[in-house]
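Visitor: Here it is, the structure in full.
Readers should treat all values here as calculations from the given coordinates under stated rules, not as data from a laboratory. If you're wondering where the values come from, they're calculated on a predicted model, not measured in any experiment. We place every Cβ from the backbone using ideal geometry, glycine too, and count neighbours over all the protein chains shown.
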Number of protein chains: 2
Amino acid sequence: MINNKPSVAVIGLGSMGWGAAASLVRAGYETRGVDIREEILQKFSAAGGIACKTPADAARDADIVFVFVVNDAQTETALFGENGVLETAAPETVIVACATTPPAFAEELGKRLADKGMLPIDAPVSGGAAKALTGEMTIMGSGSNEAFEKAKPALEAIATKIYRLGEDPGIGSRVKMINQLLAGVHIAATAEALTLGIAQGLDPKMLYDVICASAGASWMFENRGPHIVEGNYTPYSAVDIFVKDLGIVSGAGAAANFPLPLTETALDQFKQASAAGLGREDDAAVAKLYAQRGNVKLPE
Amino acid sequence: MINNKPSVAVIGLGSMGWGAAASLVRAGYETRGVDIREEILQKFSAAGGIACKTPADAARDADIVFVFVVNDAQTETALFGENGVLETAAPETVIVACATTPPAFAEELGKRLADKGMLPIDAPVSGGAAKALTGEMTIMGSGSNEAFEKAKPALEAIATKIYRLGEDPGIGSRVKMINQLLAGVHIAATAEALTLGIAQGLDPKMLYDVICASAGASWMFENRGPHIVEGNYTPYSAVDIFVKDLGIVSGAGAAANFPLPLTETALDQFKQASAAGLGREDDAAVAKLYAQRGNVKLPE
């Protein structure tokens, strides 16, 4: 504790984790950060954080640990691996698992953490890097009231929308999964629509403006459309993220014997884009795949 | 002319045409209406309109003719068929073609009408029946300045957003087609997402509320989601409309050798729903198809 605030740790200082850690530092929390990239750790020290080499080091004095790694395997390693959080975390540490992972993993993780005496929150986040930086993420959370009450001020430092969706870990990840189903389909649909429009001779900026004010609009069309219209594929969120996230949806559908034709079709576009070498470009670069197949020239 | 206002005619008093005609009557226009359903004509007379048996009758004294039929074939018949508009319309009558039709048809139609001395506007509309009733449609229009200037006050009586997208007929229909691509994919995605969420044990109303505030949101998710969450399939817009509209998109893709995997997948869902007897239900009833395939019970 410092200034009556709990000490926090953030494992993984990627775009979302960095934003969370920076928001916590700004809000006056003693914040430990862990990343495998030395230059990021130096930057974090310069920004007022405490750089740590391992999750175990960061968790030793933390009341709340945010796990902002990329997927289930990294979450597993950060928590239960060598030099992982569980080696040092005190009982009743709140463990906030923020990666998008298969709901079945999140559910099982919650049970395992509770068995170890931790207070787990299944807490996938949404909103993108820009919102993360300003402390305005959305958290789709589920966990015990005790965990939420203990973490509340810290959660409020990183997020403006905090959904408490139930007490059982897994609910948050299920809601996030459904969100990603829609987000992924909408990004691919944005690419399909804008490239067809260009193929039809329409001005992409005009088309974008009209659709944004019409029934074809989506959050993703409004957000990713300008990337295509302006030919800017700086990776705010990469193609490979949706290979992963729609893969999670597809896996959950397969496990439940629930056909998901649009999910499978959108996933196939991201996989093809990744196979074409676009995996680390912005997810809107799936438009390049459409443009190539349709022999259309995209804005540059 | 009456009160310095041009006389107008509306061919087709379905949900959108009725809304347009009612808005024109309300705005003080002498409005002739045509429909094949006698009871609709009686209702239109009672509402202050002039009921006409044929397009030719309605167009005889009209300065502006709105064609609000369902598709290209009906547009063709209403204009060029027996007792069609072209039999009686005076030169320089503005012909506002509002049905969603293949862009190639709309382009050709514009040329044919111009050859006959008419002032055509390619003017697909959007916004739904409720907005139509209150005079708040969106018009995605293209046509000559002369046509737009002559029709302007009447267009403003039925629409709050009037896009003038260019001088050539076909542009309006191309933009509308792209809008329908997105709208159709988003409706099917809404059904896929909400039914998977139910299969995963999530509360559909909670899921709907969270997604509406997240990156997975779309205009269609927000608008059609409640139909599924509340189990209300009153047909504001029917499944078969999207069999038609996505069929137009698919046809344009095929003609341009432009692959449209999401469009084809969504179209397939609407076709399957229609084949299962749901064609005249609300387009959100595509969720029933998903529920059946996934063995899920929808809200009722």
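Visitor: If you split all Cα-Cα distances of segment A:174-294 into 5 Å bins from zero, what percentages do you get per bin, shortest first?
Guide: In whole percents, the pair-distance histogram is 2, 12, 23, 24, 18, 13, 6, 2, 0.
Visitor: Percentage of Cα-Cα pair distances in segment B:61-152 greater than 16 Å, rounded to whole percent? Walk me through the numbers before you get to the answer.
Guide: Numbers: 2156 of 4186 pairs.
Of all Cα-Cα pairs in segment B:61-152, 52 percent lie more than 16 Å apart.
Visitor: Just the Kirkwood number for chain A, please: inverse of mean 1/r across all distinct Cα pairs, in Å, one decimal. Mind dumping the intermediate values first?
Guide: Numbers: mean 1/r = 0.0502 Å⁻¹.
Roughly 19.9 Å, rounded to one decimal.
Visitor: Against the empirical 2.2 N^0.38 Å scaling, what ratio does the C-alpha Rg of the protein assembly as shown come to? Provide the component values of the computation, followed by the final result.
Guide: Values: Rg = 27.5 Å, N = 600, 2.2 N^0.38 = 25.0 Å.
The value comes to 1.10.
Visitor: Taking only Cα atoms and a 10 Å spring cutoff, compute GNM fluctuations for chain B and point out the largest among B:Ala215, B:Ala275, B:Ala47.
Guide: B:Ala215
Visitor: Additional query: Restricting everything to alpha-carbon atoms, can you work out Rg to Rh for segment A:111-161 with a Kirkwood hydrodynamic radius? Could the numbers behind the result be given before it?
Guide: Values: Rg = 12.0 Å, Rh = 11.6 Å.
We get a ratio of 1.04 for segment A:111-161.
Visitor: Loop only per DSSP, at most 11 neighbouring Cβ atoms within 10 Å: give me the GluC sites (Glu not before Pro) in segment B:23-132, ordered by residue number. Please report the intermediate quantities before stating the final value.
Guide: Details: sites: B:Glu30, B:Glu38, B:Glu39, B:Glu76, B:Glu82, B:Glu87, B:Glu92, B:Glu107, B:Glu108; in loops: B:Glu30, B:Glu82, B:Glu92.
Taking segment B:23-132 and a limit of 11 other Cβ atoms within 10 Å, the loop GluC sites (Glu not before Pro) found are B:Glu82.
Visitor: Remind me, relative contact order of segment B:67-164 in percent, using alpha carbon pairs under 8 angstrom and six or more residues apart?
Guide: Values: 149 pairs, mean separation 21.8, N = 98.
RCO, segment B:67-164: 22 percent.
Visitor: Still on this structure, please answer the following. Considering chain B as a Gaussian network with a 10 Å cut-off on Cα pairs, which listed residue, B:Ile36, B:Ile162, B:Ile121, attains the greatest mean-square fluctuation?
Guide: Of the options given, B:Ile36 has the highest mean-square fluctuation.
Visitor: What is the Cα centroid distance between segment A:226-273 and segment A:5-21, reported in whole angstrom?
Guide: Cα centroid to Cα centroid, the span is 26 Å.
Visitor: Segment B:216-300: which trypsin sites (Lys or Arg not before Pro) are DSSP loop and have at most 14 other beta-carbon atoms within 10 angstrom? Write out the running numbers ahead of the final one.
Guide: Working: sites: B:Arg224, B:Lys244, B:Lys271, B:Arg280, B:Lys288, B:Arg293, B:Lys297; in loops: B:Arg280, B:Lys297.
In loop regions of segment B:216-300 (DSSP not H, G, I, E or B), the sparsely surrounded trypsin sites (Lys or Arg not before Pro) are B:Arg280, B:Lys297.
Visitor: Which values of log₁₀ I(q)/I(0), to two decimal places, follow from the Debye formula for segment B:97-221 at q = 0.14, 0.15, 0.17, 0.20 Å⁻¹ with a uniform point scatterer at every Cα?
Guide: -0.69, -0.75, -0.86, -1.04
Visitor: Let me ask something else about it. Name the helices (complete DSSP H segments) of chain B with a Cα length along the long axis of 20 Å or more and a Kyte-Doolittle mean of at least -1.0, or state none.
Guide: Values: long enough: B:171-199 (42 Å, 0.99); B:239-255 (24 Å, 1.22).
Helices passing the filter in chain B: B:171-199, B:239-255.
Visitor: Measuring label to label, 7 Å along Cα→Cβ, what does B:Ala255 give against each other copy in nm, shortest first?
Guide: Those separations, rounded to one decimal, come out as 4.6 nm.
Visitor: Which trypsin sites (Lys or Arg not before Pro) does segment A:26-116 hold that lie in a coil by DSSP with at most 12 other beta carbons within 10 Å?
Guide: Answer by residue number: A:Arg37.
Visitor: Shape call for segment B:139-188 from the C-alpha gyration tensor, a ≥ b ≥ c root eigenvalues: rounded (a/c under 1.5), prolate (a/b greater than b/c) or oblate? Present the calculation step by step, with values, prior to reporting the outcome.
Guide: Details: a/c = 4.53, a/b = 1.78, b/c = 2.54.
Here segment B:139-188 falls in the oblate category.
Visitor: Now for a separate question. Name the residue, out of A:Gly28, A:Gly14, A:Gly225, whose mean-square fluctuation peaks in a Gaussian network model built on chain A with Cα pairs under 10 Å.
Guide: Looking only at A:Gly28, A:Gly14, A:Gly225, the largest GNM fluctuation is found for A:Gly28.
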